[in-house]
Amino acid sequence: MSSLEDSIKIVREQVEKACSKAGRNPDEVTLIAVTKRVAAESVEAAIRHGLKDFGENYVREANEKIDRLGSVGINWHMIGHVQTNKAKYIPGYFEYVHSVDKMELLERLNKYGKPMKVLFELNLSEEATKEGTNKDDLRRMLEKVGSLMYIKPMGLMTMAPYVDDVEKVRGIFSTLRKTLEMMNREFSLDMKELSMGMSSDFKVAIEEGATMVRIGTALFGERI
């Protein structure tokens, strides 16, 4: 068994254990392999080992990989911050954008006339180094999203701070879940996706309702 194959097996087992602890079905959780700065050859190997959802942070790097590997049977997720002047490189390449944090970006994505599934990124830790919007601006976007023909709101995303004790970030994941429920009620939406949890904290995120976990280091090791 290759090291990558072994890592995928271990992560999948951890996802299943976290789901079992929370009384959830593992099929409810999508494992997104984060492939920023991962060579296309390694992504091809991950595909051979059964992964089909991949998250990229940088538009140019992602576009090159997608051009090479294609999108048949693969779901590409843009999980990094998207500058509005690069929005034109997203439709047609990505199935999902997790990092929508301003109305201008939503409008840019819509104007290219290709369906986009979007998640809204919230900065719940209020760290200056993290991207994301706040609840008030989220409400402003949700008020207008129904008028955007090609935008389908799917859910919310957040990044928790890096901490030694993952229990310290449980509250952030719980808050994101409660915020999703609240926004669905307020705007009569049916958003279901909670993109939260990475290599260091995804088990706690699953216990708090994550439907998408973004795993890089635990699969591919540390990257330069």
With the first residue restricted to the range 166-186 and required to be in contact (Cβ under 8 Å) with a residue 24 or more places away in the chain, and the second required to be part of a helix (DSSP H, G or I) and surrounded by fewer than 17 Cβ atoms within 10 Å (Cβ to Cβ), Cβ contacts under 7 Å at 6 or more apart or on different chains are Thr179/Lys135
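The rows are residues; the columns are (1) among the aliphatic types (A, V, I, L, M); (2) loosely packed, with under 13 Cβ neighbours inside 10 Å; (3) farther than 19 Å from Leu109 by Cα.
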residue: Leu4; (1), (2), (3): yes, no, yes
residue: Ser7; (1), (2), (3): no, no, yes
residue: Asp27; (1), (2), (3): no, yes, yes
residue: Leu31; (1), (2), (3): yes, no, yes
residue: Lys52; (1), (2), (3): no, no, yes
residue: Ala62; (1), (2), (3): yes, no, no
residue: Leu69; (1), (2), (3): yes, no, yes
residue: Gln83; (1), (2), (3): no, yes, no
residue: Lys86; (1), (2), (3): no, no, no
Pairing a residue in the range 204-224 that is buried (at least 18 other Cβ atoms within 10 Å of the Cβ) with any residue that is in a strand (DSSP E or B) and aromatic (Phe, Trp, Tyr), where Cβ atoms lie under 9 Å and the two sit 6 or more apart in sequence or on different chains, gives Met212/Tyr96
Filtered residue count, the range 165-198, keeping only those that are closer than 13 Å to Arg139 by Cβ, of a type outside the set (A, V, I, L, M, F, W, C) and either buried (at least 16 other Cβ atoms within 10 Å of the Cβ) or touching a strand residue (DSSP E or B) at 6+ places or on another chain (Cβ under 9 Å) (or both): 2
Please work out if Met159 is part of a loop (DSSP other than H, G, I, E, B) and surrounded by fewer than 14 Cβ atoms within 10 Å (Cβ to Cβ). no
So, in the range 50-71, exactly how many residues are among the aromatic types (Phe, Trp, Tyr) and under 18 Å from Leu31 (Cβ atoms)? 1
One residue from Leu138, Leu119 being under 16 Å from Met154 (Cα atoms), more than 15 Å from the chain's Cα centre (by Cα), at pLDDT 95 or above and not hydroxyl-bearing (Ser, Thr, Tyr): Leu138
Close pairs from the range 18-40: first over 16 Å from Glu222 (Cα atoms), partner part of a loop (DSSP other than H, G, I, E, B) and of a type in the set (S, T, N, Q), Cβ under 9 Å, at least 6 apart: Cys19/Asn25; Glu28/Thr211; Val29/Thr211; Thr30/Thr211
Look at Ser99 and say whether it is part of a strand (DSSP E or B), among the polar types (S, T, N, Q) and either surrounded by 13 or more Cβ atoms within 10 Å (Cβ to Cβ) or in contact with a Cys (Cβ under 6 Å, 6 or more places away or on another chain) (or both). yes
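The values are calculated or read from the model by the stated rules, or taken from the named source; none is laboratory data. This is a predicted model, so every value here is computed, not measured. Neighbour counts are summed over all protein chains in view; Cβ atoms, including those assigned to glycine, are modelled from backbone coordinates with ideal geometry.
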